[in-house]
């Protein structure tokens, strides 16, 4: 991912202007639902913006807060966490814990002066390829409206 | 049950010590965690098994300094199983931290007698030492002022020293639900030290006659003190929030951080034996820094300073009991405690959670209810 971002940057993907701004999204997707859903979106040949870099997790409950913070502070414009719908967790309760951790994270980001709109949590099942494509499209639109993350150039973090 | 320990010649400490000795000699506790004087005008927490040493080494729980948050010490001597009946003389913030450590399975309250005392506040260790070195009249005068302030429900000022910032905004100086409660607020301790005991402890000490507990103005003194501190707290946290809401946010508050990790070491809640930030995960290849610099055009060295603080916030802000040990430990004078309290308060409110309230309550991040926040994640 580091190399990819660096390369796009060298190709002239501006870090500061809104004009040619393409948001970078890091997505942590649960292996059993959302990752499979993303796979379905691909095999169904659904179109969605190529702004998302996917990290496959065994469970959304395995997404440590540090995984979300690291890309945010390093300048990613958004982080997407994808998990199974409540009640459908492969490990029974992982996503319920994700939900609470997300609530805490949102509160911390908001109070610390970050834009909590840059972190999204979505339940997307293995059969919801369409919903995955729509979610990414929506997120890209929303992040374009928000503009580039100030963390793209904030060096003293 | 309430009782009063008689105080002779205005020597409150001797009375306090005699009570502790009685706890040990009657077998209520076999060992006692209590601060002992060091001879240079301060105290160190110690585990005492020989009651005679309480007098010999001058046990002094009333010395207004806090070298460590003693919840850590209780964690060390109890772990998952307490090897003996232990008594621990603790301040309210230490008890609250201990309750959180119990929930984090780092300590147990089984076979632990919690002896809590009202806490008028503590001073920065080095500042207090510079004013209070040695013994003698000066110390005695300082001590008398400290107790008088507690009686009158005002901030104690010793030789121009102010309390630690966390103590100046402490809104929980009084105790609830402890085995033994030593009262200081609103009472003239020179006429007797009021103690509230659980019945089984009173029976073991053969205290049968309830004395008048506390003083008449007890409630008043605490209300006056906490009302003032609530104001200080709101103002201090409000200032921090303003800074975090302004341009740059929390980043600006940590620019002078020298990455010593003292805040983490001093924090009673941060219990991990090896912090993530000390592991190989943060041993980066040289190319890592170059990549980071290329991404942004420039990068702070060494990196991940804010990541450390933000991760710590995620790990412990639900349990932050505002003891302020982090602020006292910071060599760069960053108001770490106020920052963590300002954010922690909001996170705790979201879960309607009060850290340190009850050991039976579950930690917000390990429990859940299927029917809460059902709108989250379902957005179209």
- Note on the structure: Across (1) touching a helix residue (DSSP H, G or I) at 6+ places or on another chain (Cβ under 8 Å); (2) modelled with pLDDT of 95 or more; (3) assigned to a helix (DSSP H, G or I), residue B:131 clears everything bar (2)
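Of the residues B:318, B:265, B:327, B:251, which is more than 25 Å from residue B:123 (Cα to Cα), touching a residue at least 12 places away in the same chain (Cβ under 8 Å), not assigned by TED's automatic domain parsing to the domain that holds residue B:94 and not in a loop (DSSP other than H, G, I, E, B)?
After ruling out the rest, the residue left standing is B:251.
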- Task: Within the stretch B:75-104, track down each residue that is part of a loop (DSSP other than H, G, I, E, B), modelled with pLDDT of 95 or more and out of contact with any strand residue (DSSP E or B) (no Cβ under 8 Å at 6 or more places or on another chain).
- Result: B:104
- Query: Which condition number in (1) within 19 Å of residue A:68 (Cβ to Cβ); (2) surrounded by 16 or more Cβ atoms within 10 Å (Cβ to Cβ); (3) more than 10 Å from every other protein chain (Cβ to nearest Cβ) is the one that residue B:305 fails?
  - Reply: (3)
- Note on the structure: Reported set for the stretch B:102-111 where residues are at negative phi and surrounded by fewer than 22 Cβ atoms within 10 Å (Cβ to Cβ) is B:102, B:103, B:104, B:106, B:108, B:109, B:110
- Qualifying positions in the stretch A:122-157 - assigned to a loop (DSSP other than H, G, I, E, B) and more than 30 Å from residue B:289 (Cα to Cα): A:124, A:125, A:126, A:127, A:128
- Message: Tell me yes or no: at least one residue of the stretch B:186-197 is in contact (Cβ under 8 Å) with a residue 60 or more places away in the chain, over 30 Å from residue B:129 (Cβ atoms) and surrounded by fewer than 16 Cβ atoms within 10 Å (Cβ to Cβ).
- Response: yes
- Item | Positions within the stretch A:122-132 being under 13 Å from the mean Cα position of the chain (by Cα) and more than 12 Å from chain B (Cβ to nearest Cβ), in sequence order | A:132
- Query: Do you know which residues across the stretch B:329-351 are more than 8 Å from chain A (Cβ to nearest Cβ) and crowded, with 23+ Cβ neighbours inside 10 Å?
  - Reply: B:336, B:337, B:338, B:339, B:340, B:341, B:344
- Item | Residue match in the stretch A:106-115 (condition: modelled with pLDDT of 95 or more, at the interface with another protein chain (Cβ under 10 Å from one of its Cβ atoms), buried (at least 18 other Cβ atoms within 10 Å of the Cβ) and touching a strand residue (DSSP E or B) at 6+ places or on another chain (Cβ under 8 Å)) | yes
- Query: What strands (runs of 3 or more DSSP E) lie completely within the stretch B:1-57 and have 3 or more residues being within 23 Å of residue B:72 (Cα to Cα) and in contact (Cβ under 8 Å) with a residue 40 or more places away in the chain?
  - Reply: B:31-37
- Query: Hey, any hits in the stretch A:45-60 for a residue that's within 10 Å of chain B (Cβ to nearest Cβ), crowded, with 22+ Cβ neighbours inside 10 Å and in contact with a helix residue (DSSP H, G or I) (Cβ under 9 Å, 6 or more places away or on another chain)?
  - Reply: yes
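The values are calculated or read from the model by the stated rules, or taken from the named source; none is laboratory data. Being a predicted model, the structure only gives us computed values, none of them experimental. Backbone-built Cβ (ideal geometry, glycine too); neighbour counts: all protein chains shown.
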